[in-house]
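In what follows, a structure is listed as structure tokens, so that the remarks can point back to it.
What follows draws every value from the coordinates through simple rules; no lab data is involved. Since this is a predicted model, take the numbers as computed values, not measurements. Cβ sites come from the backbone with ideal geometry, for glycine too, and all protein chains shown count toward neighbours.
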Amino acid sequence: MQIDYREVLHQQSDGVLTLSLNRPEKRNAMTTRTVAELLHALEQCAGDASVRVVVLRGAGKGFCPGDDLNGMGELPSEFSSVLDHAANHAGLQSCLRELPKPTIAVIHGYAFGVGLDLAMACDFRIAEESAQLHNQRVLERGMHALTGCAWFQPRALGVTRAMEFLILGKPYNGREAADAGMVTCAATADALEDTVNDMAHRPSQVPPPRPSD
Amino acid sequence: MKRQIYTGLNLDHEAFMAFAAPLMQEVEIKDRQEGIRAFLEKRAPNFTGE
């Protein structure tokens, strides 16, 4: 089914599908529609042999600050019967992890809360050195239970640092995140695009995966 | 949160998300509502422990 994407840009070149969160006027805060559009694009590319690698990034000044608290309403009707996964963050994270293609998150500017969870569900993460990575939900919003991050961060950082990051809200910049293992690597703003292109095209040059891979 | 972190170490992602979903409902408490309200109003939250 053809879906009109409004909040996610969709671009494919040389086997690399780039999906960009595209609500720069809201700093790319996610809505239910954003989640549904991402899910739809990912599910559609799962069986598309022309897509070898998926890059996830944000348009404008940063990656994603989390949810748009005014935009988490009903699922738009055109998605009601076309998605295989639940149109929520758990479904989106599962879809990314199940996708039979490498996924790369590109974090520039900022990745907060569930926006950072989205990046953590990808296989690789490249952060701009000056990017801010932060989980503010416990300290600033009184949220004592969270999804994604409580599973991803202990595996990336180890329990000691994850406790500090999640409960005490310690912020990381991109360089610190790379040193701590939260992201795959960091790059200066000037080198970011070359780093993304290099990483995106390496897996796109290896033979296609077998069904069992 | 602490329970989530320690429990999550022994669960795969799918099982963890199923475990965490009801916890998200449990924390629909006043402090969370105040936190979200403060965020939307661009002010510091006033948590009361409720």
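Considering only beta bridges that DSSP places wholly inside the range A:8-204, some 30 percent are antiparallel. When the listed pairs A:Lys61/B:Lys42; A:Lys101/B:Lys2; A:Lys26/A:Lys101; A:Lys170/B:Lys2 are checked against a 27 Å cut-off, the alpha-carbon distance exceeds it for A:Lys101/B:Lys2; A:Lys26/A:Lys101. Put in line by how crowded their Cβ is, counting other Cβ atoms within 10 Å and starting with the fewest, A:Val183, A:Val53, A:Val159 read A:Val159, A:Val53, A:Val183. The residue list A:Gln153, A:Leu21, A:Phe112 was ranked by how far each Cα lies along the charge dipole of chain A toward its positive end, using unit charges on Cβ atoms, and A:Gln153 comes out on top.
Selection among A:Ala127, A:Gln44, A:Leu56 by position relative to the dipole of the range A:28-155 gives A:Ala127 as farthest towards the positive end (Cβ unit charges, Cα centre). Taking other Cβ atoms within 10 Å as a rough exposure proxy, A:Glu74, A:Glu7 sort from fewest to most as A:Glu74, A:Glu7.
The slack in the chain from A:Thr188 to A:Arg202, taken as 0.36 nm per residue of separation less the alpha-carbon distance, amounts to 3.0 nm.
Using 0.36 nm per residue of separation minus the Cα-Cα distance, give me the extension gain between A:Glu74 and A:Ser130 in nm, one decimal. Working shown, then result.
Numbers: separation 56, 0.36 × 56 = 20.16 nm, distance 3.55 nm.
Fully extending the segment from A:Glu74 to A:Ser130 adds 16.6 nm.
Mind checking the dipole of chain A: about its Cα centre, +1 per Lys or Arg Cβ, -1 per Asp or Glu Cβ, Debye to the nearest 20? Mind dumping the intermediate values first?
Numbers: 19 positive and 26 negative charges, 82 e Å.
Value, rounded to 20: 400 debye.
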